[in-house]
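J.: Could you have a look at this structure, given as structure tokens, before my questions?
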Amino acid sequence: MDFAFSQDELAFRDEVRSFIDTAFDAEMRAATAKSRTGFMTRDLHIRWQKRLYEKGWAVPNWPKEHGGPGWTHVQRYIYDQEMTLAGAPAPIAFGPRMLAPVLMKFGTEQQKRYHLPAILKSDIWWAQGYSEPGSGSDLASLQLKCEDKGDHFLLNGSKIWTSYAQFADWIFCLVRTEKLSRPQEGISFVLCDMKTPGVKVDPIITIDAPVAPFQEVNQVFFTDVKIPKENLVGEWNKGWTCAKYLLEFERGNPYSGGLKRGLEKVRKIAKAETIDGQPLIREPSFARRLAQIETEVMAQEFTELRLFGRLKAGQNMGAESSLLKMRGTELQQAVTELAMDAAGYYKVPFTPYIPGRNEESPVPEYSDGVAQKFLNTRKTSIYAGSNEIQRNIMAKAILGL
Ligand SMILES: Cc1cc2nc3c(=O)[nH]c(=O)nc-3n(C[C@H](O)[C@H](O)[C@H](O)COP(=O)(O)OP(=O)(O)OC[C@H]3O[C@@H](n4cnc5c(N)ncnc54)[C@H](O)[C@@H]3O)c2cc1C
């Protein structure tokens, strides 16, 4: 199999690089360099996403008729790789990557007319309301109640682990509309304006992001929240179909660009740190671990090239996206563990990222933020469907077990 890019693809790669060089400005670079998650601030994200929109690159996964760039899968792969290699954050996924394909397939004409342009231009920030206390992997057990009150719907209950809900304008939610024998039945998919009376966002403070409002996750409470009936997407009680369709777009990202960037950081630390008077990078057992992970990252990159190269326009990856997610996140964790080991004592000072704070870090620049990144990366094998669930999917859908 030929993994080399064609001349046109290489020219496209250069165009992406030169765009990132100028559009991803100094303020954004400074914010992402300090952030351990790639998150900057709401304003900087919107500025960045609007620049991508102006270039016509905000929604690589959309069909051309809705404003997508009409790229091949290889171009999309190159674009994602170059963005992660440069440390430029991908647009917040909930609107453009997740909700938009659902609206295109199941939304009413009015929903498409109103919401798709707003997502395209980053005028509305979306949050994802799937998980609930007690309903994560077993998502179909969800309980957020939605009653048909004649001229409106009424929501009562809560959603949890809702990423960046504190910044969101709207949230899409899976809600319980009827208790039927199969839990997947009786679920509906609705849209809710976060400014609606009765919606409350409580921060969840985690060890890596210990200061509100710059935390990553939240619990969102809905108390007698009235939403218009036109906010139902798809059919009443048939929201599971929309839910599953959305999940196809939540996974299937390339990881190798970010992994290579992480390995660069490890190499930088291991060249600066010494052991017995020698740079750590030359110490045999460390060098062996580094080489092992580099080889696995290379294997991940080839797997990504193989899977993305095989897709035809308009196709999704299906169950193989579980393979990318599982291995990609395992490697993310392995790379940050290696960085922790390389940083030695310098991993101990803990400098949480708080936008706008200007305190000097007590450790050298090369090992700054290592512990927080390590802690933050523990999430990746849990969110977007835990890795155990990805293994179950592959066992059934790929291996036929
Ligand atoms: C940082 C972060 C951000 C998130 N953002 C969002 C968001 O924006 N919106 C949203 O809706 N949700 C979000 N989530 C929630 C995420 O989708 C859930 O955490 C995830 O689905 C796991 O659910 P749970 O936490 O309830 O764990 P559980 O489902 O209770 O799982 C606990 C453990 O049991 C294992 N397990 C469960 N069932 C099985 C099984 N059948 N076979 C084998 N092992 C199993 C799991 O793998 C896991 O190790 C986020 C989570 C995190 C950590």
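The values are calculated or read from the model by the stated rules, or taken from the named source; none is laboratory data. Remember, it's a predicted structure, so these values are computed and weren't measured experimentally. No Cβ is skipped: glycine too gets one built from the backbone with ideal geometry, and neighbour counts run over all protein chains shown.
J.: Taking Ile354 as meeting all but one of (1) in contact (Cβ under 8 Å) with a residue 40 or more places away in the chain; (2) assigned to a helix (DSSP H, G or I); (3) of a type in the set (Val, Ile, Thr), write down the number of the exception.
T.: It fails just one condition, (2).
J.: When the range 99-120 is examined, which residues are found to be closer than 17 Å to Trp57 by Cα and either more than 19 Å from the chain's Cα centre (by Cα) or among the β-branched types (Val, Ile, Thr) (or both)? Lay out the reasoning, then the answer.
T.: Of all residues in the range 99-120, those closer than 17 Å to Trp57 by Cα come to 100-101, 116-120.
Of everything in the range 99-120, those that are closer than 17 Å to Trp57 by Cα and either more than 19 Å from the chain's Cα centre (by Cα) or among the β-branched types (Val, Ile, Thr) (or both) turn out to be Leu116, Pro117, Ala118, Ile119.
J.: So Asp169 fits all but one of (1) more than 11 Å from the ligand (Cβ to nearest atom); (2) in contact with a helix residue (DSSP H, G or I) (Cβ under 8 Å, 6 or more places away or on another chain); what number is the exception?
T.: (2)
J.: While we're on this one: Considering each residue of the range 81-123, count those that are within 16 Å of the ligand (Cβ to nearest atom), part of a loop (DSSP other than H, G, I, E, B) and surrounded by 19 or more Cβ atoms within 10 Å (Cβ to Cβ), and give that number.
T.: 3
J.: Spot the failing condition for Ala243; the list is (1) of a type in the set (Gly, Ala, Ser); (2) in contact with a Ser or Thr (Cβ under 8 Å, 6 or more places away or on another chain); (3) within 13 Å of the ligand (Cβ to nearest atom), and only one is missed.
T.: Tallying (1) of a type in the set (Gly, Ala, Ser); (2) in contact with a Ser or Thr (Cβ under 8 Å, 6 or more places away or on another chain); (3) within 13 Å of the ligand (Cβ to nearest atom), Ala243 fails exactly one: (2).
J.: Check whether at least one residue in the range 148-156 is within 13 Å of the ligand (Cβ to nearest atom) and assigned to a loop (DSSP other than H, G, I, E, B), and report yes or no. Lay out the reasoning, then the answer.
T.: To start, the set of residues in the range 148-156 that are within 13 Å of the ligand (Cβ to nearest atom) comprises none.
No, every residue in the range 148-156 fails to be within 13 Å of the ligand (Cβ to nearest atom) and assigned to a loop (DSSP other than H, G, I, E, B).
J.: I need every pair where a residue in the range 380-397 that is in the same structural domain as Glu320 (by TED's automatic domain parsing) and of a type in the set (Asp, Glu) has its Cβ under 6 Å from the Cβ of a residue that is part of a loop (DSSP other than H, G, I, E, B) and more than 8 Å from the ligand (Cβ to nearest atom), sequence separation at least 6 or different chains.
T.: Pairs found: none.
J.: If you don't mind, there's one more thing I want to ask. Search the range 367-394 for residues being more than 22 Å from Glu264 (Cα to Cα) and more than 19 Å from the chain's Cα centre (by Cα), and hand back the single one that is nearest to the ligand (Cβ to nearest atom).
T.: Asn392
J.: Can you pull out every residue in the range 56-80 that is in a helix (DSSP H, G or I) and either in contact (Cβ under 8 Å) with a residue 60 or more places away in the chain or touching a Cys at 6+ places or on another chain (Cβ under 7 Å) (or both)?
T.: If the condition is that a residue be in a helix (DSSP H, G or I) and either in contact (Cβ under 8 Å) with a residue 60 or more places away in the chain or touching a Cys at 6+ places or on another chain (Cβ under 7 Å) (or both), then His73, Val74, Gln75, Arg76, Tyr77, Ile78, Tyr79, Asp80 are the ones that fit.
J.: Could you go through the range 128-146 and let me know if any residue there is surrounded by fewer than 22 Cβ atoms within 10 Å (Cβ to Cβ), away from the ligand (no atom under 16 Å from the Cβ) and not basic (Lys, Arg).
T.: Within the range 128-146 (the criterion being surrounded by fewer than 22 Cβ atoms within 10 Å (Cβ to Cβ), away from the ligand (no atom under 16 Å from the Cβ) and not basic (Lys, Arg)), the answer is no, since none of the residues qualifies.
J.: I'm checking my understanding of the structure. Among residues of the range 172-185 that are free of Cβ contacts under 8 Å to residues at least 60 places away in the same chain and buried (at least 20 other Cβ atoms within 10 Å of the Cβ), which one is farthest from the ligand (Cβ to nearest atom)?
T.: Arg176
J.: Against the conditions (1) in contact with a His (Cβ under 8 Å, 6 or more places away or on another chain); (2) assigned by TED's automatic domain parsing to the domain that holds Ala343, where does Tyr255 fall short? Just the number, please.
T.: So Tyr255 meets the others, but not (1).
J.: To continue, here is another question. Here is a check on your reading of the model: is Ala397 crowded, with 22+ Cβ neighbours inside 10 Å and more than 14 Å from the ligand (Cβ to nearest atom)?
T.: Values: crowded, with 22+ Cβ neighbours inside 10 Å: no; more than 14 Å from the ligand (Cβ to nearest atom): yes.
Answer is no for this residue.
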